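This report refers to the structure that appears directly beneath it.
The values are calculated or read from the model by the stated rules, or taken from the named source; none is laboratory data. Just so you know, these numbers come straight off a predicted model, no measurement behind them. Cβ: placed from backbone, ideal geometry, glycine included. Neighbour counts: every protein chain shown. Keep in mind that these areas ignore ligands, DNA and RNA; they rest on the heavy atoms of the full protein, side chains included. Shrake-Rupley method; radii C 1.70, N 1.55, O 1.52, S 1.80 Å.
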Amino acid sequence: MSDHIRTRRDGGVVEVVIDRPKANAIDLATSRALGLIFRNFRDDPTLRVAIVSGAGEKFFCAGWDLKAAASGDAVDGDYGVGGFGGLQELRDLNKPVICAVNGICCGGGLEIALSADLILAAEHATFALPEIRSGTVADAASIKLPKRIPYHIAMDMLLTGRWLDVHEAHRWGFVNEVLPADKLMERAWELARLLESGPPLVYAAIKEIVREAEGSTFQTAMNKITKRQFATVDRLYSSEDQLEGARAFAEKRSPIWKGK
């Protein structure tokens, strides 16, 4: 599919590694390849969790490949299914995604991380939105970041392009855990295994509710849940897993989730 993307599957977990030396930057071809990988993850019922990371120890992802742009890749070109990096516009992705940030995470790389559900980062990771310095806009980050961290911190990053070390990123809440570099992927897989063992239909409902509620009022979203107007909620409330959860609780045993 691409010489610059490595994948590894183990059980219901797939690991996706961006591998484009030196900075793991993404051109149009790599973005399209990532989109196909994440679409397959979304549509494969045997896959439960994805981990996305970068190759090497210096860069997670430097975002848009400016050298490719200088050679003819249009900034508004065809990024493929899922938009830039395959994640930020992928519709109906109702499975957990873990981002393991192993180094510099900037520009579109930070936008990919923001598209994940959980972000783990190595102690040497750094974060920035330097688009302002190259005369362009961090489009997805301009939408997402002010909703994830305090407005004034987000605007500082967007307007000045300043760098945050991993501890500041953790303090503002867009990094879940800070880890020694040699423990990062171990922890990512540990967390992925935990999620893999959980109820996939509940995860799907959580993700759809959170995504759809972002643009609606509290009461509107609540009404859609109680009236089963979310497809994932309707499926969950009619599922074997819903009954299994109740039975397992009553019988004081671990539930066996089938995803149906």
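What to note about this one:
- The coefficient of translational diffusion for the range 5-197, derived via Stokes-Einstein from the alpha carbon Kirkwood radius under 25 °C and 0.890 mPa s, stands at 149 µm²/s.
- At most 14 other Cβ within 10 Å, DSSP loop - GluC sites (Glu not before Pro), the range 87-155: Glu123
- Set of lysines near Lys58 by C-alpha distance (under 22 Å), chain-local residues within fewer than 8 positions excluded: Lys22, Lys67, Lys183
- Solvent exposure of the chain amounts to 51 Å² per residue of accessible area, where only protein heavy atoms count and the probe is 1.4 Å.
- Accessible surface of the range 200-251, 1.4 Å probe, proportion on carbon and sulfur as whole %: 58 percent
- If both residues of a DSSP beta bridge must be in the chain, then about 25% of such bridges are antiparallel.
- Length released on extending from His152 to Asp43, taking residue separation times 0.36 nm less the Cα-Cα span: 35.4 nm
- Rounded tilt (10° steps) of 240-250 against the dominant C-alpha axis of the chain: 70 degrees
- Nearest 10 degrees, 0 to 90: helix 151-160 Cα axis against the chain principal axis: 30 degrees
- Length gained on full extension, Glu177 to Ile132: 13.4 nm, using 0.36 nm per residue less the C-alpha separation.
- Straight-distance crosslink candidates among lysines, where the alpha carbon sits under 29 Å from Lys252 and sequence neighbours closer than 8 are dropped: Lys95, Lys207, Lys260
- Charge tally in the Cβ shell below 15 Å around Val13, where Lys, Arg are +1 and Asp, Glu are -1, Val13 excluded: +1
- Cα-based helix-to-principal-axis angle, 200-213 vs the chain, degrees rounded to 10: 60 degrees
- Long-range tail of P(r) for the range 200-251 (Cα pairs > 15 Å, %): 48 percent
- Between Arg228 and Lys260, the FRET efficiency estimated from the beta carbon spacing at R0 = 22 angstrom works out to 0.80.
- Loop-located GluC sites (Glu not before Pro) in the range 180-252, at most 12 other Cβ atoms within 10 Å (DSSP): Glu214, Glu251
- For the chain, adding -39500 (n - 2.57) for each run of n ≥ 4 DSSP H residues and dividing by the number of residues yields -12500 deg cm²/dmol at 222 nm.
- Percent accessible area from carbon and sulfur atoms, the range 5-197, protein chains only, probe 1.4 Å: 53 percent
- Per-pair calculated FRET efficiency, R0 = 41 Å: His124 and Glu251 via Cβ, rounded to 0.05: 0.30
- Radius 12 Å from Cβ of Ala122, net charge of other residues (Lys, Arg +1; Asp, Glu -1): -3
- Neighbours of Gly82, meaning other residues whose beta-carbon lies under 10 angstrom from its beta-carbon, give a summed charge of +3 when Lys and Arg score +1 and Asp and Glu score -1.
- Whole-Å distance, taken between Cα centres, linking the range 201-236 and the range 5-42: 29 Å
- P(r) of the range 118-225 over all Cα-Cα pairs, binned every 10 Å from zero, in whole percent: 12, 31, 34, 21, 2
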